[in-house]
Each structure stands twice: as C-alpha cells, then as structure tokens.
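Chemist: Dropping a structure here in structure tokens format, bear with me for questions.
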Amino acid sequence: SRRRHTRYGTVTGVQTCALPICGGGGLIISNFAPLISGTLNVSNQTLTAKTNWSNSGTVNLAGGFLVGNNLTNNAAATVIGYGTISNLLVNSGNLITTNGTLTITTAPVQNGNVTIANNGTLTVIPDWANTSAISLNGGSLTGGNVTNASTGNTITGFGTITARVVNQAGATLLATNG
C-alpha cells in the first residue's frame with residue numbers, strides 16, 4: 001500500500017494515483033481504490049473514479065462533479081458542499097448540502113445523516129429511500145420521491161420539500177423551528 005500526500009489531504013491505495021487533486025482539467029483516479037482520510041477539495045472540476053472508493057475524511061465539493069464508480073462515505077466521514085454526484089453514493093456518514101445545489105443523479109444508499117443548510121438545496125433525481133436521518137435547516141429537498149423507511153428513520157426541521165414523501169409506519173416526519 002502506498003500513500004500520497006498532497007496539500008489538500010492524503011490519498012491511500014495500492015499504487016500512486018494521478019495528481020494534482022486540485023487544478024484545471026479534473027482528476028482521474030485509476031485502477032485502485034483510494035481511501036480519503038484527509039480533505040479532498042473538488043472545486044469546479046470533475047473527479048472520475050475508475051474503481052470503487054471510500055471517504056473516511058472530508059470530500060468538499062465546491063461546484064465540482066463526482067463521476068465513475070461507487071463512493072462509500074464511511075461513518076464519521078463527510079461529503080459537503082454543492083455540485084453533482086453521478087456515481088452511486090453509499091452514505092453511512094454525513095452528507096451536508098450547503099452554499100448551492102447538490103444534485104445526485106443515482107439513487108443513493110442513505111444510511112447516514114443528511115443535513116440541508118439554509119442556503120442549500122438537495123436534489124436527488126430518482127426515487128430513493130431514507131433509512132436514517134434527514135435534517136432540514138431552512139434548505140430545500142427536491143427531485144424524486146423519498147421514502148422515509150420504517151421505524152426510527154426521520155425527516156425533521158424546517159424548509160421546503162417539493163419531492164413526494166412516503167412516510168412509512170414508524171418513521172417520523174416532523175416540522176420544527178420554522
């Protein structure tokens with residue numbers, strides 16, 4: 001296993017990867033599965049993953065695009081910001097939408113926490129299921145139908161929901177602080 005340090009974080013894998021992480025033209029992660037343990041900034045560029053990869057730190061989107069293979073956002077890890085995620089996102093950590101619109105084009109596996117800030121909009125294009133917690137802090141939830149699946153799963157807070165919400169038995173949909 002090799003580790004490559006950049007000024008923005010650490011990328012770990014079985015080989016070195018194509019860098020820079022920041023810069024014009026984007027980044028291609030090829031032929032190995034990196035583990036992000038620091039901060040990965042994706043600002044107005046495209047990060048293309050050719051293998052499944054995971055985040056144990058912070059992926060900071062600032063108008064960027066994540067494409068390619070699956071991204072697993074591990075427990076206690078964070079994906080934050082605005083931009084587009086077109087690959088499968090398995091969220092077991094924190095997904096925070098802030099400073100604009102975060103568009104997700106593939107139905108995510110939502111097992112972690114989602115926070116939609118006052119200045120954020122989360123748009124999930126296809127229908128999807130929440131199996132943990134969504135917190136609206138003045139932001140907007142749009143796109144396909146969201147199923148708030150079964151006991152213990154919550155959608156709480158204040159803001160705007162234009163997506164159809166299917167609140168299953170035992171799940172909680174609660175307007176607060178608005």
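The values are calculated or read from the model by the stated rules, or taken from the named source; none is laboratory data. Not measured: the values here are computed from a predicted model. Glycine gets a Cβ as well: all are built from the backbone with ideal geometry, and neighbour counts include every protein chain shown. For accessibility, only protein heavy atoms count, side chains too; no ligands or nucleic acids. Shrake-Rupley method; radii C 1.70, N 1.55, O 1.52, S 1.80 Å.
Chemist: Can you give the translational diffusion coefficient of the range 96-140 in µm²/s, computed by Stokes-Einstein from the Kirkwood radius over Cα pairs at 4 °C and 1.567 mPa s?
Modeler: The Stokes-Einstein estimate is 123 µm²/s.
Chemist: Per 0.36 nm of contour for each residue apart, how much would the distance between residue 52 and residue 151 grow if the chain were fully extended, relative to their Cα-Cα spacing?
Modeler: Here the segment from residue 52 to residue 151 would lengthen by 32.6 nm.
Chemist: Taking 0.36 nm per residue of sequence separation and subtracting the Cα-Cα distance, how much length would be gained by fully extending the chain between residue 86 and residue 160, in nm to one decimal?
Modeler: Between residue 86 and residue 160, full extension yields 24.3 nm more.
Chemist: Tell me, what is the 1.4 Å probe accessible area of residue 173, in Å² to the nearest 10?
Modeler: Roll a 1.4 Å probe over it and residue 173 shows about 90 Å².
Chemist: Quick one: P(r) of the range 121-178 from all Cα-Cα pairs, 5 Å bins, percents rounded to integers, in order of increasing distance.
Modeler: Over the range 121-178, the share of Cα pairs per 5 Å bin runs 5, 21, 31, 28, 13, 1 percent.
Chemist: Per residue, how much accessible area does the range 52-178 show when a 1.4 Å probe rolls over the protein heavy atoms, in square angstrom?
Modeler: On a per-residue basis, the range 52-178 sits at 38 Å².
Chemist: Calculated FRET efficiency, residue 169 and residue 106, Cβ-Cβ r, R0 30 Å, to nearest 0.05?
Modeler: 0.65
Chemist: Compute for the range 25-139: radius of gyration divided by Kirkwood radius, i.e. Rg/Rh, restricted to C-alpha atoms, rounded to two decimals.
Modeler: Rounded to two decimals, Rg/Rh equals 0.93.
Chemist: What do you get for Rg/Rh over the range 71-178 if you use C-alpha atoms and the Kirkwood form of Rh?
Modeler: 0.92
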